Amino acid sequence: MSRSKEHLMSGNELKSLLDLVDDTRELVLRREAGWTPVRSAWGDARDDADAAYREWGRARTRAAYAGCRAAQDREGGAEDARAGSGVIR
């Protein structure tokens, strides 16, 4: 079939078609070699802790400090999980 004669699916048609497919509750993650969920969680927690620290340094409020400490605690928990998983790098 030539491209000029093929039927293009609308967004509504695609949604209707996908609604017919059972949800398997599976996630498909495409990451570079060496990626692990534990390392990713730690990296995200570290980034959040860095951002919270900068916010506390800017705002100097009790709420910003509490947010910073909470983010640092999450980072520590993620680091413990990373160390326990054998993922070092």
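The values are calculated or read from the model by the stated rules, or taken from the named source; none is laboratory data. Quantities reported herein were computed from a predicted structural model and do not represent experimental measurements. Cβ coordinates were reconstructed from backbone atoms using ideal geometry, including for glycine residues, and neighbour counts include every protein chain displayed.
Set side by side, the residues 54, 31, 58, 69 differ, and just one is part of a helix (DSSP H, G or I), on the phi < 0 side of the Ramachandran plot, in contact with a helix residue (DSSP H, G or I) (Cβ under 8 Å, 6 or more places away or on another chain) and of a type in the set (Lys, Arg), which is 58.
All of (1) loosely packed, with under 10 Cβ neighbours inside 10 Å; (2) more than 16 Å from the chain's Cα centre (by Cα) hold for residue 52 with one exception: (1). Residue pairs whose Cβ atoms lie under 8 Å apart, sitting 6 or more positions apart in sequence or on different chains, and linking a residue in region 20-40 that is without any contact (Cβ under 8 Å) to a residue 12 or more places away in the chain to a partner that is among the hydroxyl-bearing types (Ser, Thr, Tyr) and surrounded by 10 or more Cβ atoms within 10 Å (Cβ to Cβ), are 31/40. Of all the numbered requirements in (1) farther than 27 Å from residue 36 by Cα; (2) surrounded by 14 or more Cβ atoms within 10 Å (Cβ to Cβ), residue 67 misses one, and that requirement is (1).
In region 9-28, which residues are in a loop (DSSP other than H, G, I, E, B) and either at pLDDT 80 or above or of a type in the set (Val, Ile, Thr) (or both)? Talk me through it step by step, then tell me what you get.
Taking region 9-28 first, the residues in a loop (DSSP other than H, G, I, E, B) are 9-10, 20-28.
Listed by number, the residues that qualify are 9, 10, 20, 21, 22, 23, 24, 28.
Here is a yes/no grid of residues against (1) at pLDDT below 85; (2) closer than 13 Å to residue 75 by Cβ:
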| site | (1), (2) |
| --- | --- |
| 7 | yes, no |
| 42 | no, yes |
| 45 | no, yes |
| 55 | no, no |
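Across region 29-40, which residue is modelled with the lowest pLDDT among those that are surrounded by fewer than 10 Cβ atoms within 10 Å (Cβ to Cβ) and among the charged types (D, E, K, R)? Write out each step before concluding.
So in region 29-40, the residues surrounded by fewer than 10 Cβ atoms within 10 Å (Cβ to Cβ) come out as 29-30, 32-34.
If we keep only those that are among the charged types (D, E, K, R) as well, we get 30, 32.
On the way: 30: 75, 32: 84.
Out of the qualifying residues, it is 30.
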